[in-house]
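One structure is given below, encoded as structure tokens.
The values are calculated or read from the model by the stated rules, or taken from the named source; none is laboratory data. In this text the structure is predicted, and so the values were computed from the model without any measurement. Methodologically, a virtual Cβ is constructed for each residue, glycine included, from the backbone with ideal geometry; neighbour enumeration extends over all protein chains shown. These accessible areas exclude ligands, DNA and RNA; they are computed on the full protein's heavy atoms, side chains included. Shrake-Rupley method; radii C 1.70, N 1.55, O 1.52, S 1.80 Å.
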Amino acid sequence: MNSIIFCEGRVDAVLIGQYLVANREWAYSREFKENLKLNPEDKKQLINAYKRDNDWVYIWAVGGRNRFQTPIQKVLTLNQKADNESGFRNYIILVDNDGGEQSEIQTEFCNCFHITRLRNNEWEDFHYVNGFGEDSTARILLTIIPFDEPGALETVMINSLAEKDDENIVPRCLEFVDGIQTRKYLLNRREKLKAKLSTIVSIISPDRAVDSLVEIIEGIEWNKYNSVNRAFNKLLEL
């Protein structure tokens with residue numbers, strides 16, 4: 001079975017892949033499945049492949065919140081030309097809960113798939129005709145995270161680190177970053193979240209202070225934290 005996960009950025013893709021490897025014995029693959037080659041549109045995008053027995057999962061970091069539509073359409077077009085065996089049976093979209101109405105986000109992705117309903121973190125069936133004229137069914141999962149507050153995947157990671165914070169480190173780091181007044185740096189929400197996460201890790205694990213954010217993500221066992229498990233629990237159904 002082939003599945004695909006669309007997410008916003010590289011950090012998201014690394015965390016999702018690490019979670020799949022840790023929890024369901026998926027293995028990163030340098031090669032894609034034969035006859036199923038997907039190509040990033042530019043250097044802002046990343047596509048990673050994971051394999052388990054005869055099943056494959058592709059994780060496509062689309063390069064930003066407003067860049068989901070074209071990658072989704074490319075995979076839909078591929079599915080319409082394939083048979084049931086070589087097409088994608090599961091579509092997952094992980095998107096930030098960026099402060100807008102969830103109903104607007106749901107409508108946005110309903111329009112991508114030409115369906116009438118998507119609910120947060122619930123599977124929905126998607127019916128289409130494949131390349132052999134056969135009626136086919138796939139599943140779609142839209143996950144808007146975090147569930148209970150505005151934010152992004154970095155928010156989930158910050159909340160995870162706070163679970164084992166017995167010295168009030170996390171709140172003090174958040175307050176520090178929020179208190180920085182600058183016209184040149186931390187100009188948007190995502191940059192500020194990354195700075196908060198990096199600051200927390202620099203305090204609790206100083207040896208990682210010079211690592212890239214991707215290296216920081218790879219060095220923490222996120223599957224041991226409740227906040228990450230809650231956000232990703234549906235991925236375990238692949």
Accessible area expressed per residue, segment 76-129, with surrounding protein chains retained (probe 1.4 Å, Å²): 50
Mean Cα-pair separation over length for segment 64-153, i.e. relative contact order, pairs under 8 Å, 6 or more apart, %: 36
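What do you get for trypsin sites (Lys or Arg not before Pro) in segment 27-95 restricted to DSSP loop and a cutoff of at most 15 other Cβ within 10 Å of the site's Cβ?
Numbers: sites: Arg30, Lys33, Lys37, Lys43, Lys44, Lys51, Arg52, Arg65, Arg67, Lys74, Lys81, Arg89; in loops: Arg30, Lys33, Lys37, Lys43, Lys44, Arg65, Arg67.
Sites meeting the loop and neighbour criteria: Arg30, Lys37, Lys43, Lys44, Arg65.
After finding the eigenvalues of the alpha carbon gyration tensor for segment 16-74, what semi-axes result from the square roots of 5 times each, listed largest first in whole Å? Present the calculation step by step, with values, prior to reporting the outcome.
Working: eigenvalues 93, 38, 17 Å².
Ellipsoid half-lengths, sorted descending, are 22, 14, 9 Å.
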Area projected by the alpha carbon convex hull of the chain, averaged over all directions, nm²: 13.6
Other-chain or far-sequence residues with amide H under 5 Å of Ile5's (modelled H): Tyr58, Ile59, Trp60, Ile92
Vicinal HN-Hα couplings computed from phi for segment 222-238 (Karplus, 6.51 cos²θ - 1.76 cosθ + 1.60; Hz; Gly/Pro x): 5, 5, 8, 10, 4, 5, 5, 4, 5, 5, 10, 4, 6, 5, 6, 8, 7
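Accessible area of segment 153-221 with a 1.4 Å probe: how many percent of it is carbon plus sulfur? Before the final figure, lay out the partial values.
Numbers: 2150 of 4250 Å².
Solvent-exposed carbon and sulfur of segment 153-221 make up 51 percent of the total.
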Cα long-axis angle, helix 153-162 against the chain (0 to 90 degrees, to the nearest 10): 50
Dimensionless Rg/Rh of segment 141-238 - Kirkwood Rh, Rg from C-alpha atoms: 0.97
Per DSSP, loop GluC sites (Glu not before Pro) in segment 156-216 with at most 10 further Cβ within 10 Å: Glu167
Low-density loop cleavage sites - chymotrypsin sites (Phe, Trp or Tyr not before Pro) in segment 154-238, where at most 12 other Cβ are within 10 Å (DSSP): Tyr185
Hits among lysines - C-alpha to C-alpha of Lys33 under 19 Å, sequence gap 8 or more where chains match: Lys51, Lys74, Lys81
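For segment 50-106, take N as its residue count and report Rg(C-alpha) divided by 2.2 N^0.38 Å. If you can, show how the numbers build up before the last one.
Details: Rg = 13.8 Å, N = 57, 2.2 N^0.38 = 10.2 Å.
Ratio of Cα Rg to 2.2 N^0.38 Å: 1.35.
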